[in-house]
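Student: I am attaching a structure below and will ask some questions about it afterwards.
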């Protein structure tokens, strides 16, 4: 299925600026040989809206396929645990909420620290296996989509809430207006919507083409997000840039039209104007440059593989993109600490995913850090490794 109208402004002027060909699902880790035989690949062109500048993927994969059995557990990643502990404290200090609803709550990595602070927290997530993990911790979690019906159910049970939030979940939705309508239904008149989203400015500056996959449908900057928020009765009152996931944006939006915006909102909008983030020409240039960058990494590692052993580190969506775009069938194994991924195989190349102890037992000459945004933490964890590390972004680097 293919979308024909912009998610932000509704325009039909969508222009392709990069085409990554047919790719497997970034999170489609394979559990057995049968899954390998049945694996599908899907077209992956990326478009920009000519009218509002929103960057988006219009080839649609069913959310049931993408998220019902999800292989990403936030609580297995220490930097994310720390992020959400800090986020819970930020919410308390900034908004002092009594009740918070989180959509895309994953395994409860934010719900837990909120509860410890005495804040009533309810989570919603489509993934059955992940919500089961959250409920096993005693957390209040609903399995399903955050829509107006679920919002009304929550409102009847908990009353109107102070905050609705979602971290790295809002851009995964083909119809973001469903979430905005649901948030409006359950929020108090003076309540706030807080979104943490991968930031388009960092994507451009750090050349993060490896986040352009089927699961990530939309790539916002504040300029394009504001177009969407205003259509559904919200406006941004504060904004903050974050290091999470290689660069993110925390956007605080209000329902109350009288709520005033901080100076940081206008400052970021001006910064985005200077970067021309919502100018389609910016993205046509980006597409041309990325094509060349992928080719450099492909040729360099292919040459290395003829005389050296190479492993990968970090079985995330970025890994799927790199090893398939560069046809890295020579990578012997992909290291990952998550029990949801170790023991499975990478999409596309069918590279085995192993726990870190396997790396120590059979160290290669080179380790290609596909989770390059966690490179320092990975290197610190594996400080015993005496070979050479490789990161592909922002520049191809050997250290």
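The values are calculated or read from the model by the stated rules, or taken from the named source; none is laboratory data. Keep in mind that this is a model prediction, so the values were computed, not measured. Here the Cβ is made from the backbone with ideal geometry for all residues, glycine too, and neighbour counts use every protein chain on show.
Student: In the stretch 226-243, what residues are under 17 Å from residue 196 (Cβ atoms), in contact with a strand residue (DSSP E or B) (Cβ under 8 Å, 6 or more places away or on another chain) and surrounded by fewer than 20 Cβ atoms within 10 Å (Cβ to Cβ)?
Tutor: 237, 238, 240, 241, 242
Student: Further, regarding this structure: Residue 230 versus (1) more than 23 Å from residue 123 (Cα to Cα); (2) touching a helix residue (DSSP H, G or I) at 6+ places or on another chain (Cβ under 6 Å); (3) outside any loop (DSSP other than H, G, I, E, B): which is the lone unmet condition?
Tutor: Result: residue 230 passes all but (2).
The rows are residues; the columns are (1) more than 16 Å from residue 168 (Cα to Cα); (2) buried (at least 16 other Cβ atoms within 10 Å of the Cβ); (3) at pLDDT below 95.
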{"position": "75", "(1), (2), (3)": "no, yes, yes"}
{"position": "79", "(1), (2), (3)": "no, no, yes"}
{"position": "82", "(1), (2), (3)": "no, no, yes"}
{"position": "88", "(1), (2), (3)": "no, yes, no"}
{"position": "100", "(1), (2), (3)": "yes, yes, no"}
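Student: I've got another one for you. Would you mind telling me which numbered condition in (1) surrounded by fewer than 18 Cβ atoms within 10 Å (Cβ to Cβ); (2) at positive phi residue 108 fails?
Tutor: Every condition holds for residue 108 apart from (1).
Student: Here are 344, 298, 358, 379: which of them is surrounded by fewer than 18 Cβ atoms within 10 Å (Cβ to Cβ), out of contact with any helix residue (DSSP H, G or I) (no Cβ under 6 Å at 6 or more places or on another chain) and under 22 Å from residue 27 (Cβ atoms)?
Tutor: Residue meeting the stated conditions: 358.
Student: Would the stretch 254-266 turn up any residue that is touching a helix residue (DSSP H, G or I) at 6+ places or on another chain (Cβ under 9 Å) and either in a strand (DSSP E or B) or crowded, with 22+ Cβ neighbours inside 10 Å (or both)? Reasoning before the result, please.
Tutor: First, pick out the residues of the stretch 254-266 that are touching a helix residue (DSSP H, G or I) at 6+ places or on another chain (Cβ under 9 Å): 255, 265.
Remaining after also requiring either in a strand (DSSP E or B) or crowded, with 22+ Cβ neighbours inside 10 Å (or both): none.
Scanning the stretch 254-266 turns up no residue that is touching a helix residue (DSSP H, G or I) at 6+ places or on another chain (Cβ under 9 Å) and either in a strand (DSSP E or B) or crowded, with 22+ Cβ neighbours inside 10 Å (or both).
Student: Take residue 191 and tell me if it is out of contact with any strand residue (DSSP E or B) (no Cβ under 6 Å at 6 or more places or on another chain) and either surrounded by fewer than 23 Cβ atoms within 10 Å (Cβ to Cβ) or not in a loop (DSSP other than H, G, I, E, B) (or both).
Tutor: No, not satisfied.
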